[in-house]
Every structure is written in structure tokens, then in C-alpha cells.
1. Quick one: in the stretch 102-115, which of the residues that are open to solvent by 100 Å² or more (accessible area, probe 1.4 Å) and either under 17 Å from Asn27 (Cα atoms) or not basic (Lys, Arg) (or both) is modelled with the lowest pLDDT?
2. Does Glu69 satisfy being more than 26 Å from the chain's Cα centre (by Cα), surrounded by fewer than 11 Cβ atoms within 10 Å (Cβ to Cβ) and not hydroxyl-bearing (Ser, Thr, Tyr)?
3. Which one of the conditions (1) touching a helix residue (DSSP H, G or I) at 6+ places or on another chain (Cβ under 9 Å); (2) modelled with pLDDT of 85 or more; (3) open to solvent by 70 Å² or more (accessible area, probe 1.4 Å) does Met77 fail to meet, given that it meets all the rest?
4. Tyr96 fails exactly one of the following numbered conditions: (1) out of contact with any helix residue (DSSP H, G or I) (no Cβ under 9 Å at 6 or more places or on another chain); (2) within 17 Å of Tyr55 (Cβ to Cβ); (3) of a type in the set (Phe, Trp, Tyr). What is the number of that condition?
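The values are calculated or read from the model by the stated rules, or taken from the named source; none is laboratory data. Keep in mind that what you see is a predicted model, and the values were worked out from it rather than measured. In this analysis, Cβ positions are derived from the backbone assuming ideal geometry, glycine residues included, and neighbour counts consider all displayed protein chains. Surface accessibility is based on the protein's heavy atoms, side chains included, excluding ligands, DNA and RNA. Shrake-Rupley method; radii C 1.70, N 1.55, O 1.52, S 1.80 Å.
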Amino acid sequence: GKHRIVIPCLGHFKEEYEKVSKLYMNNKIRTTRYTLLNFLPRNLFEQFHRVANLYFLFLVVLNWVPLVEAFQKEITMLPLLGVLTIIAVKDGLEDYSRYKMDKQINNLVTKVYSR
């Protein structure tokens with residue numbers, strides 16, 4: 001149950017170490033696709049790469065043209081909004097579970113062996 005903290009004695013190499021250490025990334029694992037700021041735009045971008053979603057978007061846009069209007073404008077948007085919402089919720093929950101697993105892995109206690 002003992003933990004060991006290793007503090008390097010850098011001496012006159014301290015400035016060089018600080019300069020070089022900023023160039024490298026930390027070793028934390030990150031498998032999530034989204035952050036809170038980019039979730040909505042990135043998710044919509046990924047969803048509109050599916051042909052079915054583009055088809056429903058085409059029907060919504062086409063229904064806003066008065067000559068071609070077959071249904072009420074709001075009714076045509078319901079299937080598209082429903083599908084986009086369900087997929088966004090699913091992707092958000094999957095990404096949140098990835099975030100929790102990453103956090104658990106990154107906080108594991110490790111053993112350091114020295115000679």
C-alpha cells in the first residue's frame with residue numbers, strides 16, 4: 001500500500017527539461033470523439049454523411065417550396081428531427097461511457113520498479 005513519488009534532481013538541466021517537456025504530449029488515454037463544445041456540430045456533420053439523412057433533409061427542403069408542398073412544413077421535419085435526436089442521444093451516451101472508462105484507466109495506480 002505504499003506509494004512512491006519520484007522527483008528528478010535536474011540541477012542545471014532544469015531549464016532544458018522544462019523546454020523539452022512542453023514539446024511532448026502527456027500519456028493520458030482519450031478515446032472519446034466529442035467534447036461539450038464540439039458535440040452538436042460534429043455529431044450533425046457525421047450524421048449528414050449518411051445517405052438516408054440527406055434524403056430526409058432533401059424532402060424537408062423540397063417541402064418548403066410552395067409549388068411542391070405536399071404536407072405541412074412542420075410535419076415533414078418530424079422524421080428527420082426524430083432520427084437525428086435519437087442518434088445524437090445514443091452517440092452522446094456511448095461517448096460518455098468512453099469518457100468514464102478513460103478516466104478510470106488514467107487514474108489507475110501503477111508500480112514503478114527501479115534497480
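1. Checked the stretch 102-115; the qualifying residue modelled with the lowest pLDDT is Tyr113.
2. Here the answer is no, as Glu69 does not meet what is asked.
3. (3)
4. Among (1) out of contact with any helix residue (DSSP H, G or I) (no Cβ under 9 Å at 6 or more places or on another chain); (2) within 17 Å of Tyr55 (Cβ to Cβ); (3) of a type in the set (Phe, Trp, Tyr), Tyr96 violates only (2).
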